[in-house]
Amino acid sequence: MNLSDITTHKSYNLAFLLLTGTIIYNLLEGLIAVWQGLSAGSISLVGFGFDSIIEVSASAVVLWHLIKARGGVSECVLEKREQFARRFVGFTFIALALYVGSQAAVNLWTHRTPEESMVGIILAILSLVIMPLLARWKIKIAKNLGSEALEMEAKETICCAYLSLILLVGLGANALLGWWWADPAAGLVMTPWLLREGLEGIKGEQCCGK
């Protein structure tokens, strides 16, 4: 095994570890957020939880793709799987954009005030710390492996950090300043970025000379 093979082997192992960690963290975060959001009547917290669950599915598909890629397949098959994984993540971006945008618009229209939740604040702070670190490592590994799917999944991890900030600012601004509109306004600002990333992932590049 030459140096290049060793580096690739280590990159795959680190990618598996990072994706598995992302799945476990987001699953726990999503279940806790939905449970606490329903208990507190907080739509923003419930939305944050469903976002985490969406990200679990995206991470799982990319993990499956990398496991298959490591097993050794033809270049054409590898490209097709890469394209499928990239497009799947792209569709999850679109779904997330539609949810965030529609929820933000409804909350602005109805003047719905975000509910205070200490658990929600703690989850948001944890994600603001953990998610950027995970994303940074995944982007680095994605470039080493030449995996656009992993790079897109890392961008969705960055999105989770942004949503955490939105949740934290929304709850904090409402609790401290009475700015009920801060949470939905931030969500509307974020929606175009989500749509752009999703469309880029779905379009991507054609594989196998097609």
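No lab work stands behind these numbers, since they all come straight from the coordinates. As the structure is a computational prediction, the values presented were derived from the model and not from experiment. Positions of Cβ are backbone-derived with ideal geometry, glycine not excepted, and every protein chain shown enters the neighbour counts.
Find the centroid of the Cα atoms in segment 46-63 and in segment 157-172, then give the distance between the two in whole Å.
Using only Cα atoms to place each centre, the spacing works out to 15 Å.
With a cut-off of 19 Å, note down the residues of segment 119-143 whose backbone N falls inside the zone around a label point 7 Å from the Cα of residue 17 toward its beta carbon.
130-143
Highest mean first, how do 128-140, 84-96 rank when packing is the count of other Cβ atoms within 10 Å averaged over residues? Show your work: numbers first, answer last.
Working: 128-140: 17.7, 84-96: 21.6.
Per-residue Cβ counts within 10 Å, averaged per peptide and sorted highest first, yield 84-96, 128-140.
Stretched out fully, how many nm does the piece from residue 129 to residue 28 gain, at 0.36 nm a residue minus the Cα gap? Mind showing how you got there, number by number?
Values: separation 101, 0.36 × 101 = 36.36 nm, distance 1.60 nm.
The residue 129-residue 28 span can extend by a further 34.8 nm.
How high is the relative contact order of segment 88-177, given as a whole-number percent (alpha carbon pairs under 8 Å, six or more residues apart)? Intermediate values should be presented prior to the final figure.
Working: 58 pairs, mean separation 35.1, N = 90.
Reported relative contact order: 39 percent.
When Lys and Arg each count +1 and Asp and Glu each count -1, what net charge do the other residues less than 12 Å away from residue 144, Cβ to Cβ, add up to? Numbers along the way, then the final one.
Values: positive: 10, 138, 140, 143; negative: 151.
In short, +3.
Once every DSSP H run of n ≥ 4 in the chain is given -39500 (n - 2.57) and the sum is divided by its residues, what mean residue ellipticity at 222 nm do you get, rounded to the nearest 500 deg cm²/dmol? Working shown, then result.
Details: 6 runs with 182 residues, N = 210.
After summing the helix terms and dividing by residue count, I get -31500 deg cm²/dmol.
Full extension from residue 10 to residue 143: what is 0.36 nm times the residue separation minus their Cα-Cα distance, to one decimal in nm?
Details: separation 133, 0.36 × 133 = 47.88 nm, distance 1.34 nm.
Roughly 46.5 nm would be gained on extension.
Among the lysines in the chain, how many pairs, 8 or more places apart or on different chains, have alpha carbons under 27 Å apart?
So the count of such lysine pairs works out to 28.
Could you tell me the relative contact order of segment 3-200? Use alpha-carbon pairs under 8 Å, at least six residues apart, and round to a whole percent.
On the way: 254 pairs, mean separation 55.2, N = 198.
In percent, rounded to a whole number, it is 28.
P(r) for segment 108-180, please, calculated from all Cα pair distances in 5 Å bins and given in %.
3, 17, 20, 17, 13, 11, 9, 6, 4, 1
For every other residue with a beta carbon closer than 14 angstrom to the beta carbon of residue 97, add +1 if it is Lys or Arg and -1 if Asp or Glu, then tell me the sum. Display every interim value, and only then the final one.
On the way: positive: 155, 196; negative: 51, 55, 156, 197, 200.
Result for the local shell: -3.
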